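*Asks:* Quick one: the structure is below, questions incoming.
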Amino acid sequence: METVGILAVQGAFIEHEHILHRLGAETVQLRQKSDLYKDFDRLVLPGGESTVQGKLLKDFGMSGILKEKIENGMPVLATCAGLILLAEKISNDTNAYFKTLPVTVKRNAYGRQLGSFHCDGIIKGLGRFPMEFIRAPYIEAAGSGVEVLAETDGKITAVRYKNQIGLSFHPELCEDDRLHRMFLNLSCSC
Ligand code: GLN
């Protein structure tokens with residue numbers, strides 16, 4: 001069984017850990033640079049606050065190593081703030097982090113009133129899926145080679161690009177584990 005490294009500097013990482021354990025995967029929490037030298041074959045970038053996560057990754061000296069792993073084909077599941085960390089461009093923020101996913105995202109794209117909501121959407125290859133949005137980003141533009149997995153009210157909310165799955169919503173907060181299974185079946189693109 002492969003081991004999943006879960007970024008655990010901030011945010012909703014425990015929920016991913018629970019779901020992955022339920023599916024029989026081993027996990028390791030990535031809290032500091034030395035954790036990146038542990039053995040892991042897949043990566044989860046959880047929800048939380050992308051500005052905080054991005055700053056801590058830089059301060060802890062973790063960004064470069066993780067970016068290289070992603071570029072070398074390590075399968076990644078990124079939810080919400082994690083999606084923002086992967087994005088090549090953030091339309092309403094001057095920051096950008098790993099820039100490994102050729103999409104433009106908009107942070108906090110649903111405004112204050114619709115900051116958090118739940119709906120059912122359709123995910124390509126999976127069908128109906130419960131979607132939990134929490135001050136979520138959506139994807140404004142997707143570059144070539146990016147496969148759109150879901151659109152919600154005309155906005156892209158799930159994509160796959162090579163070894164990377166990026167989601168606006170939080171599948172770790174629902175009982176449905178099919179996206180985590182998809183992630184565990186994603187082959188390394190190295
Ligand atoms: N609003 C957060 C950000 O911009 C993301 C929210 C989340 O991960 N649930 O980083």
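No value in this document is a laboratory result; all are computed from the given coordinates. All values reported here derive from a predicted model rather than from experimental measurement. Note: ideal-geometry Cβ built from the backbone for every residue, glycine included; neighbour counts use all protein chains shown.
*Asks:* Using the 10 angstrom Cβ neighbour count as an exposure proxy, how do Thr3, Thr100 rank, fewest first?
*Replies:* Values: Thr3 14, Thr100 22.
Ordered by Cβ neighbours within 10 Å, fewest first: Thr3, Thr100.
*Asks:* Something else about it: If you take the square roots of the eigenvalues of the alpha-carbon gyration tensor of segment 81-190 and sort them as a ≥ b ≥ c, do you get rounded (a/c under 1.5), prolate (a/b over b/c) or oblate?
*Replies:* Working: a/c = 1.69, a/b = 1.03, b/c = 1.64.
Because a/c hits 1.5 or more and a/b fails to exceed b/c, segment 81-190 counts as oblate.
*Asks:* Over 16 Å, how big is the tail of the calculated P(r) for segment 78-123, in percent of all Cα pairs?
*Replies:* That tail contains 44 percent of the Cα-Cα pairs.
*Asks:* What is the distance in Å between the Cα centres of segment 1-38 and segment 89-126?
*Replies:* Centre-to-centre (Cα) distance: 23 Å.
*Asks:* Among Gly125, Gly48, Gly166, whose mean-square fluctuation peaks in a Gaussian network model of the chain (Cα, cutoff 10 Å)?
*Replies:* Evaluated over the chain, the most mobile residue of the options is Gly125.
*Asks:* Under unit Cβ charges (Lys, Arg +1; Asp, Glu -1), what dipole magnitude, rounded to 20 debye, does segment 3-185 have relative to its Cα centre?
*Replies:* Working: 22 positive and 22 negative charges, 81 e Å.
Once rounded to the nearest 20, the dipole reads 380 debye.
*Asks:* At a Förster distance of 35 Å, what's the computed FRET efficiency of Glu147 paired with Asp59, Cβ-Cβ distance as r, to 0.05?
*Replies:* Values: r = 34 Å, r/R0 = 0.96.
After rounding, the FRET efficiency stands at 0.55.
*Asks:* I need the trypsin sites (Lys or Arg not before Pro) found in segment 82-190, filtered to DSSP loop residues with at most 10 other beta carbons within 10 Å of theirs. Working shown, then result.
*Replies:* Numbers: sites: Lys89, Lys99, Lys106, Arg107, Arg112, Lys124, Arg128, Arg135, Lys155, Arg160, Lys162, Arg178, Arg181; in loops: Lys99, Arg107, Arg112, Lys124, Arg135, Lys162.
Those satisfying the criteria are Arg112.
*Asks:* For the chain, which span is the longest to avoid every loop-located (per DSSP) member of GluC sites (Glu not before Pro) having at most 13 other Cβ atoms inside 10 Å? Display every interim value, and only then the final one.
*Replies:* On the way: sites that count: Glu2, Glu175.
Longest gap between qualifying sites, sites excluded: 3-174.
*Asks:* Given the rule -39500 (n - 2.57) for each run of at least 4 DSSP H residues, summed and divided by the residues of the chain, what is its mean residue ellipticity at 222 nm, to the nearest 500 deg cm²/dmol?
*Replies:* Numbers: 5 runs with 42 residues, N = 190.
So the calculated ellipticity at 222 nm is -6000 deg cm²/dmol.
*Asks:* When the Karplus curve 6.51 cos²θ - 1.76 cosθ + 1.60 is applied with θ = phi - 60°, which whole-Hz ³J(HN,Hα) does each residue of segment 53-61 get, with x for Gly and Pro?
*Replies:* Using θ = phi - 60°, the values come out as 4, x, 5, 5, 4, 6, 4, 7, x Hz.
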